Amino acid sequence: MIRDIENLYVAQTDNKVLVYSTNLKDFVISLNSVAKNLKPYMFYYRLFKKIDYLEHVAADGRKFYLQKVI
């Protein structure tokens, strides 16, 4: 494991990781290109302080599972 990584965020659907990042802001920007109707960055910032896992339903009905792994 790389010791310099403090956080790792992943978004998966259909058992495939679509987006991952070590920075939450970059993660939300990248995820916005895949899944529409996302909430603003600060919403996810506050939520990931409380929980490590959440579900997002995109405009087309696909479910994305967002997780803070580290």
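The values are calculated or read from the model by the stated rules, or taken from the named source; none is laboratory data. Being a predicted model, the structure only gives us computed values, none of them experimental. With ideal geometry, Cβ positions are generated from the backbone for all residues, glycine too; neighbour counts draw on all protein chains shown. Note: areas computed on protein heavy atoms with side chains; ligands, DNA, RNA excluded. Shrake-Rupley method; radii C 1.70, N 1.55, O 1.52, S 1.80 Å.
Could you list, in sequence order, all residues of the range 9-36 that are closer than 16 Å to L47 by Cβ and of a type in the set (A, V, I, L, M)?
Hits for the range 9-36 are V10, A11, L24, V28, L31, A35.
Tally time: how many residues in the range 24-37 are open to solvent by less than 90 Å² (accessible area, probe 1.4 Å) and either hydroxyl-bearing (S, T, Y) or under 10 Å from the mean Cα position of the chain (by Cα) (or both)?
8
Go through the range 10-27 and give me each residue that's closer than 14 Å to F48 by Cα and outside any strand (DSSP E or B).
Correct list: T22, N23, L24, K25, F27.
So which residues in the range 50-70 are in contact (Cβ under 8 Å) with a residue 40 or more places away in the chain, aliphatic (A, V, I, L, M) and surrounded by fewer than 15 Cβ atoms within 10 Å (Cβ to Cβ)?
Matches in the range 50-70: V69, I70.
Does any residue of the range 39-49 turn out to be of a type outside the set (G, A, S), open to solvent by 70 Å² or more (accessible area, probe 1.4 Å) and in contact with a Ser or Thr (Cβ under 7 Å, 6 or more places away or on another chain)?
No, the range 39-49 contains no residue that is of a type outside the set (G, A, S), open to solvent by 70 Å² or more (accessible area, probe 1.4 Å) and in contact with a Ser or Thr (Cβ under 7 Å, 6 or more places away or on another chain).
With the requirement that a residue be under 19 Å from S33 (Cα atoms), open to solvent by less than 80 Å² (accessible area, probe 1.4 Å) and either free of Cβ contacts under 8 Å to residues at least 12 places away in the same chain or among the hydrophobic types (A, V, I, L, M, F, W, C) (or both), what does the range 1-17 give you?
Residues satisfying the conditions are L8, V10, A11.
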